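The values are calculated or read from the model by the stated rules, or taken from the named source; none is laboratory data. Because the structure is a prediction, the values reported are computed rather than measured. Note that each Cβ is placed from the backbone with ideal geometry, even for glycine, and that neighbours are counted across all protein chains shown.
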């Protein structure tokens, strides 16, 4: 394990937390580049998610950006299916291809969607929320992500939330799905590496700083574009190799 990996892990946690994400897709992309096996990648990413996403949620919640009414239908539908997805082990080749495709979602989210003005926001739809939550929950457990990278662009596309509300809802959504997906993996046995504790410490530090900047003070545009470019490169690498 090189010092470069730990530096990149810190940066990924900081960038993701600044926009309300736990960072699992970034951690998975980084671990894939460094040659980690999928059976190590999934639980590691979800454990890192727990710490970073909860920190991010608390700071965005403190800033008054969270909406319980919008969050609950997504979460209630996603949690059981995230657990189910966590019990399924994909072939390593298929796993990396699916991960590569899913990494395109945050790229789309960071590049395409502008901030939504509060006056343009629309009321959410319960049926759509439940269906979307169920699909994202299953994919979250299956791949080892919290689902925020999939939920965020949908919320913005539907004009249900602005950027900071999206970040707040996504952060708690990531946390509950990470818990459920990890529980599913534990029920079928997971591989815990000693390095994981170092990963958690580093990611938590980066996530704490990123969430503070993102929720209160920082202009996120440069961070978003930087993160999107890195994820696009990782996505292409996973899909074509």
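Condition check for residue 70 on (1) over 27 Å from residue 128 (Cβ atoms); (2) touching a helix residue (DSSP H, G or I) at 6+ places or on another chain (Cβ under 7 Å); (3) modelled with pLDDT of 80 or more: one failure, at (1).
Results for (1) in contact (Cβ under 8 Å) with a residue 24 or more places away in the chain; (2) closer than 23 Å to residue 186 by Cβ; (3) touching a strand residue (DSSP E or B) at 6+ places or on another chain (Cβ under 9 Å), shown as yes or no for each residue.
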site	(1), (2), (3)
8	no, no, no
28	yes, yes, no
32	yes, yes, no
41	yes, yes, no
47	yes, yes, no
52	yes, yes, no
61	yes, no, no
64	no, no, no
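Among the residues of the stretch 201-210, are any within 19 Å of residue 106 (Cα to Cα), at pLDDT below 75 and surrounded by 15 or more Cβ atoms within 10 Å (Cβ to Cβ)? Scanning the stretch 201-210 turns up no residue that is within 19 Å of residue 106 (Cα to Cα), at pLDDT below 75 and surrounded by 15 or more Cβ atoms within 10 Å (Cβ to Cβ).
Which one of these is modelled with pLDDT of 85 or more, part of a helix (DSSP H, G or I) and out of contact with any helix residue (DSSP H, G or I) (no Cβ under 8 Å at 6 or more places or on another chain): 174, 169, 154, 128?
Checking each option against the conditions leaves just 128.
Across the stretch 20-44, the qualifying residues are those that are within 10 Å of the chain's Cα centre (by Cα) and at pLDDT below 80, and the one among them that is nearest to residue 102 (Cα to Cα) is 25. Restricting attention to the stretch 181-196, does a residue exist that is assigned to a helix (DSSP H, G or I), under 15 Å from the mean Cα position of the chain (by Cα) and at pLDDT 80 or above? Yes: the stretch 181-196 contains one or more residues that are assigned to a helix (DSSP H, G or I), under 15 Å from the mean Cα position of the chain (by Cα) and at pLDDT 80 or above.
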